[in-house]
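Contents: one structure, followed by commentary.
The values are calculated or read from the model by the stated rules, or taken from the named source; none is laboratory data. Everything quoted here is computed from the prediction, not taken from an experiment. Cβ placement follows ideal geometry from the backbone for every residue including glycine, while neighbour counts extend to all protein chains displayed. What goes into the accessible areas is simple: the full protein's heavy atoms, side chains included, and nothing from ligands, DNA or RNA. Shrake-Rupley method; radii C 1.70, N 1.55, O 1.52, S 1.80 Å.
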Amino acid sequence: MVKKSGAQILVDTLQEQGVDTIFGFPGGSVLPIYDALYDADIRHILTRHEQGAAHAADGYARASGRPGVCLATSGPGATNLVTGIANAYMDSVPLVAFTGQVTTGLLGRDSFQEADITGITMPVTKHNYIVKDTRELAGVIREAFYIATTGRPGPVLVDIPKDVASNEIEYQDPGPVNLPGYHPQPVPPAEQLNRAAAAILRSERPVIYAGGGVVSSGAHRELRQLAEMLLAPVATTLMGLGSFPGDHPLSLGMPGMHGSKYANYAFCECDLLIAVGVRFDDRVTGKIDCFAPRAKILHIDIDPAEIGKNVRVDIPLVGDVRQVLAALIERLEAKLPGAWQEKIDTWKKEYPVTYEENGHLKPQQVIREIYRVTGGQARITTEVGQHQMWAAHYYTYTRPRSFISSGGLGTMGYGFPAAIGVQVACPGETVFDIAGDGSIQMNIQELATAVNYELPVNVAIMNNGFLGMVRQWQELFYNRRYAYTELVNPDFVRLAEAYGAAGRRVTTAREVAPALEEAVAAQKPVMLDFVIEREENVLPFVPPGESLDHML
Amino acid sequence: MRHTLAVLVENNPGVLARVAGLFSRRGYNIDSLAVGRTENPAVSRMTIVVEGDDRVLEQVTKQLHKLIDVIKINDVTVDEYVDRELVLIKVSADSGQRGEIMQIADIFRARIVDLGRRTITLECTGNDGKINAFEESLRPYGIKELVRTGKIAMLRGNRFTNLNTNGNREDEQ
Ligand SMILES: Cc1ncc(C[n+]2csc(CCOP(=O)(O)OP(=O)(O)O)c2C)c(N)n1
Ligand SMILES: [Mg+2]
């Protein structure tokens, strides 16, 4: 038998799990772990804030489909991860977070840099652990990766006291994972599939409502096959963008509060809503009593608790989205176009998602240009606000994992560190963070990380001088009283330069394309400051609490 | 309606916090909760009495199932079952009242477990209804202190809620 320290066991088990990159930030209680990492064949990216590490690991996971890994010290290091963990939880991202902890003898005594991080993260993790014995470490790490990546993915946190990391033990392989209470169900019973297929064949006005579950189960091909077979229009949620090609004739774009009018009308008029890997978020449903009033609802999801959580479901199909879609397709036959397809096309012509040009620089225009310059092949991340919604509407996503955004938690400051993680996962690809002038300042310190590791991420700031989304609500619902939403911003160009990145300000439409082309060509981080129309609004817009057909 | 759930959990530290946190976070009402170990030392059993309609109960069950430490859930209320609770009640009793109190204890098959100069402490087991009635009968004498364990329950006959036994009805997903 071999003698190994806990830290060595951690490193070895990470390698066994195929981990090639960790995003982290050191401190006292993780010193033994860092010492073991120093010689390991694992890339460590030092972010400048632990929140950055968590979001970067999350971006890495969303872009690659592999679990993201982050590491922080005890106390403040661990609490700084919390927003990133909660963000990954809301969007079902496979993330494994490791935190240092005070030594076992000091636990529970308010010791220096002690924080009860398993207690704190209980509601925002799929599961978490504190390991109090080095002999349990390898088994726990295997379980953590297994839980994070199977079933409905999500974050798992493993808290490791310093002595557990430094103690040496005779290493014994813990064997395969055995969790008596955890058995994700891959496919529903055949009768249930038959019932669903019959309902689909009977339906005259089907609509597919596709979300993040399609992306995480890798079901984009099956989704397309189903849609084309049924000639069913497909609305993709913010989390589902790219799971169905945005330029496909059957694409409805995004539904919901900031959705396209035609997606929302289709939801209101359909007789069958095929919900695939979605969770009926209030931002999608609007007033719940009026949601899809004429439709039977068929809900496919890996998480049984999502069935019937927010809306009544007529036909639940619990299982892996890809396997369920494949099993359904076998039971279906192609349909011919009819009045429903015509109606959808009329709506699409009548209510296009569009904006007015007025000579000022418009954010929609900038994003359209990013699409053109990158040939639609970039990986886009976003912050949270108006720019996020414009990024959802005006860049056309045709591949899964090409649009990466904080959906459930709506975390300002997510996009830039996420872009760093995406760039690490996808070297050689063009990555853009479409940012707001407010959000970018929430994790701007990560410019140092991008420069440090020569990660050529591009940041396109839609600079409106406002916390624009909040301002929009103040304009519409608070009588234009702009309480504390106007921003006094730094000079983003000089700021980028101070960090060693490139910066450029763009104020006219004419300069947009050349600036973007230069940024994409530059093999270094670039921050573009697009000074846009200050009071542009995101439209269409379903006011909160209204039904989907009440759009501004 | 009230439902009694028998929930088998891995005997891990924090499992009680996970279950309690889930109920408070999602706004489900717990009427009572009793935890203890089972014939298998690696497994604990929680008996949770929860108030809610079928929809709430379905969500409670599904959300509980999502906890990795939760192994199995049975809603015993849908079957024939026995349930018991233990109560300790300390009542004021001067020597003149003791006879009456002892008679009440007799009727409820309660036991006197302690006798003070001015108090009597009684122990009684039974279902909800019996314990409530017992408490009401003693109220006139002045209840000084009362503690209930929370309900525990078990299916009747050849049906089981423990692991590795057949003939049980595992809760529907
Ligand atoms: C961490 C965090 N704090 C507050 C909010 C609330 N919020 C949502 S959008 C928004 C404005 C964002 O401003 P900016 O980044 O400039 O984007 P814009 O809407 O102007 O495009 C705010 C404050 C949030 N989503 N996240
Ligand atoms: Mg702004």
Do you know the relative contact order of the stretch B:2-78, to the nearest whole percent, from alpha carbon pairs under 8 angstrom that are 6+ apart? 49
What list of ³J(HN,Hα) couplings, whole Hz, do you get for the stretch A:200-207 from phi and the Karplus terms 6.51, -1.76, 1.60, once you set θ to phi - 60° and write x for glycine and proline? 5, 5, 6, 5, 9, 10, x, 9
Residue among B:G116, B:G36, B:G52 with the largest mean-square fluctuation in a Gaussian network model of chain B, springs linking Cα atoms under 10 Å: B:G116
What does the charge add up to near A:S203, with Lys and Arg as +1, Asp and Glu as -1, over the other residues with Cβ less than 15 Å from its Cβ? +3
Can you pull out the buried accessible area for chains B and A, both sides counted, probe 1.4 Å, rounded to the nearest 100 Å²? 1600
Summarise the partner chain shielding of B:61-69 as one whole number: the mean count of Cβ atoms from other chains within 10 Å of each residue's Cβ. 6
Counting Lys and Arg as +1 and Asp and Glu as -1, each charge on the Cβ, what is the dipole of the protein assembly as shown about the Cα centre in debye, to the nearest 20? 860
Provide a whole-number value for the mean count of partner chain Cβ atoms within 10 Å of the Cβ atoms in peptide B:20-30. 1
Summing -39500 (n - 2.57) over the DSSP H runs of n ≥ 4 in chain A and dividing by its residue number, what mean residue ellipticity at 222 nm do you reach, to the nearest 500 deg cm²/dmol? -11000 deg cm²/dmol
Relative contact order of the stretch A:3-170, please, whole-number percent, based on alpha carbon pairs below 8 angstrom and at least 6 residues apart. 28
So what J values fall out for the stretch B:26-34 if you push phi through Karplus, 6.51 cos²θ - 1.76 cosθ + 1.60 with θ = phi - 60°, rounded to Hz, Gly and Pro as x? 8, x, 8, 9, 8, 7, 7, 9, 10
Under a Cβ-Cβ cut-off of 12 Å, what is the net charge of the residues other than A:Q51 that fall near it, where Lys and Arg count +1 and Asp and Glu count -1? -2
Can you give the charge dipole size of the stretch A:182-251 about its Cα centre, rounded to the nearest 20 debye, using +1 on the beta carbon of Lys and Arg and -1 on the beta carbon of Asp and Glu? 80
Label the stretch A:3-170 by shape, choosing from rounded, prolate and oblate, from the square roots a ≥ b ≥ c of the eigenvalues of the Cα gyration tensor; if a/c is under 1.5 it is rounded, and otherwise prolate applies when a/b is larger than b/c, oblate when it is not. rounded
Given A:64-77, A:477-490, A:517-530, the highest-first ranking by average Cβ count within 10 Å works out to A:64-77, A:517-530, A:477-490
What order do you get for A:221-229, B:129-137 when each peptide is scored by the mean count of other beta carbon atoms within 10 Å, highest first? A:221-229, B:129-137
Expressed as a rounded percentage, what relative contact order does the stretch B:82-152 have, with Cα pairs under 8 Å and six or more residues apart? 51
In degrees, nearest 10, range 0 to 90: what is the angle between the Cα axis of helix B:54-66 and the longest Cα principal axis of chain B? 70
For the stretch A:371-376, take each phi angle, set θ = phi - 60°, evaluate the Karplus expression 6.51 cos²θ - 1.76 cosθ + 1.60, and give the result in whole Hz per residue in order, putting x for glycine and proline. 4, 5, 5, 8, x, x
Chain A: C-alpha gyration tensor shape, a/c 1.5 cut-off, then a/b vs b/c: oblate
Along the charge dipole of the protein assembly as shown, Cβ charges K/R +1 and D/E -1, which of A:V506, A:P153, A:A40 sits furthest on the positive end? A:P153
Accessible solvent surface per residue of chain A, calculated while the other protein chains remain in place, 1.4 angstrom probe, Å²: 38
Of the candidates B:R98, B:R55, B:R84, which one comes out as most mobile in a Gaussian network treatment of chain B with C-alpha springs shorter than 10 Å? B:R55
State whether the stretch A:200-330 is rounded, prolate or oblate according to the following rule on the C-alpha gyration tensor (a ≥ b ≥ c being the square roots of its eigenvalues): a/c under 1.5 gives rounded; otherwise a/b larger than b/c gives prolate, and the remaining case gives oblate. rounded
Which cross-chain or sequence-distant (5 or more) residues have an amide H under 5 Å from the amide H of A:V69, H modelled 1.01 Å from N in plane? A:F23, A:V96
With all protein chains present, how much of the accessible area of the protein assembly as shown (probe radius 1.4 Å) comes from carbon and sulfur, to the nearest whole percent? 49
Using only atoms on other chains, find how many Cβ atoms lie within 10 Å of each Cβ of peptide A:170-180 and report the average. 1
Can you give the charge dipole size of the stretch A:104-260 about its Cα centre, rounded to the nearest 20 debye, using +1 on the beta carbon of Lys and Arg and -1 on the beta carbon of Asp and Glu? 700
Order A:448-455, B:101-108, B:88-95 from most to least packed using the mean count of other Cβ atoms within 10 Å. A:448-455, B:88-95, B:101-108
